[in-house]
Amino acid sequence: TPTHQGPFDAQLMTCPDDCVDGIVAMIDSAEASIELSVQYLDLDWYWGFGDNPIIAALHEAAQRGVSVRLMLNGYYAEWDEEIRDTIHMFNTDWNATEGLDATARLMAYSDSIVKLHNKGAIIDGESVLVGSMNWGSSAALRNREMGVLFHHEALASDYLASFEEDWNRLDPTTDSDGDLMPDQWEEQYGLNRHSAAVLGTALSEQSLDPDEDGLNNLQEFQLGGDPMDNDTDDDCILDGEEVIFAQSVMRSPSIAMISSDVDEDGVLDGEQYGCEPVDNGTGVVDNGTGVVDDGGDEGDEGGFLNIREDPLSRPGAEFLFWVMVISTVSLVLAGASMFLQPRRGTDEVLVDDSGYRFEDPDESKAILKGTSFDEEAEDARARTEGRDDGSHGAIRLDGFGFKSATRDEVQWMLDQGRTMEEVRVELGEEE
C-alpha cells in the first residue's frame, strides 16, 4: 500500500453545510481533466434545488475544453433508468452532438471487484476528493456527510492509476450504452460502446448490417457471428442464411455460424447447402464471397459459389417437408376435436362418499344417502397462503424483512442516503 509523508494542503467539505459549493468550486478550478468515480450521479435533485448544480458545472468545464470522464456503478443499471440517462447525456448529447470531450461508461467487474462504491474525483491529476457522500440530492442536502479535497500530486497519481485500471477493464456482460451488445464485443469489432444511437438518424447501432449478410449487429452477437464478415466460417453460406441451413439439418444456428460441417456427416456445409465450385479458367476457384482458392493452404474450406438448387432435391428435404405437412394436419384435427366435443362442467358430476361417480345427475332425482356436501369446509382453491408444515409455506426472510422489495433494491435505496425508516415509509410497510 503506497504511503505519503510530508506537508500537503487539504480542504474539508461538510454536507449539507457547504459540500455542494465546495464540489462546484473544485470542478470550476479544473484546467485539463476531471475523472469522476462514483456510484451514481443524479441528473435532477429531488430535494430543494431542482436542477443539479454539479451537472451544470461539469457541462461548463467540458465547454471550456476540460476532458471529463465519468465512471458509474453498473450493478443497478438494469432497473435504474437514470444511470442510462446519465450515460446518454454525456456520450450522445455532450460528446456526439456538441463535440465536447466528455465520456461516461459503466465499470466492468472482475473476479475481485463486483460494484463501484467510490464517491470521489481527481482534478488535473493533482488533487483528489475522498469522502462519504454520494453524488445525489439526499447526500448533498439532507445527510451528514464529510469529504476532504487533498492537493497532493503523488496521492492523486495513486488514485488515477486505480481509476485507469477500472476504466479500461472489460468483461463479457457490461453494456454501457444499453444496446444489448456488451462493451467488450463492441470494442472487438470496432463498434461504439458508448452510444447506441447512430447520430443524425433514427437508427440504433444494433440494427445496422455493415457486412450486408442479412443479420444486424445484435443478431450477429447473439449467434456468435462476425459483424464485419458476411461469411464468418468461410463455408460459402452467408451468415444470414446459416440460420435456414441449420434448421434444415436440425442444428443450432450459433454452431452453424462457426462450423464448416455442422451436422458432422462428412459433407461440407457449402456443398450440402447447394454451393457449386466454379473454375474461372485461371485455375483459381471463386467461392462467391470475394475469397479465392488457388490451391494453397488458405481457403481450403472455400471453393463454392453460393448458388441454390431446388431445395426439395437435397437429401432429407422431402422427408422434412412431409413431416411438417403431417404435423400441421394433426394440429388442425386436434384443435377441431377440442371444439367439437361436448362440454361438461364440473357441476355435472357428483361423487358420493364411497367414490361412486354420478355422470348424469338430475336435480329432480333424490341424492342417495351417503352423498354429502360440506358447505362450511374451506375451499382449498380460495387459500392465498400454503400451510406451514415445516417444509412448505415457511417464512422466508430476504435479509431486511421487506415483502415488496428484494435485498438489492433495499440496499440501493439505503445507498442513496435513505434511512431504514424512510425505506419502510416509501414501501408502505410497517415494522
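Some points to look at:
- Within-9-Å neighbourhood charge of TYR40 [Cβ basis; K, R +1; D, E -1]: -4
- Extension gain from ALA25 to ALA154, taking 0.36 nm per residue of separation minus the Cα-Cα distance: 44.2 nm
- Phi-based couplings in Hz for region 191-204 (Karplus 6.51, -1.76, 1.60; Gly and Pro marked x): 8, 8, 6, 9, 9, 7, 8, 9, 4, x, 9, 9, 8, 10
- For PHE339, PHE321, the sequence from fewest to most other C-beta atoms within 10 Å is PHE339, PHE321.
- Euclidean distance of C-alpha centroids, region 64-78 and region 187-250, integer Å: 28 Å
- The mean sequence separation of alpha-carbon pairs under 8 Å and at least six residues apart, normalised by the residue count of region 77-229, gives a relative contact order of 18 percent.
- Inter-label distance, nm, simple model (7 Å from Cα along the C-beta direction), ALA32/HIS4: 1.6 nm
- Formal net charge of residues neighbouring ALA10 (Cβ-Cβ distance under 14 Å; K, R +1; D, E -1): -3
- Cα centroid separation - region 410-431 against region 123-154, whole Å: 24 Å
- Each residue of region 183-189 is assigned a 3J(HN,Hα), and the resulting list reads 3, 4, 5, 5, 5, 4, 10 Hz, derived from the Karplus form 6.51 cos²θ - 1.76 cosθ + 1.60 (θ = phi - 60°), x at Gly and Pro.
- Each of TRP79, TRP135, TRP45, TRP167 was scored by other Cβ atoms within 10 Å of its Cβ. Arranged with the fewest first, they read TRP79, TRP167, TRP45, TRP135.
- With neighbours defined as other Cβ atoms within 10 Å of a residue's Cβ, the residues THR97, THR232 order from fewest to most as THR97, THR232.
Every number here is computed from the coordinates shown, using simple stated rules; none is lab data. All values derive from a computational prediction rather than experimental measurement. Note that we place each Cβ from the backbone using ideal geometry, even for glycine, and neighbour counts take in every protein chain shown.
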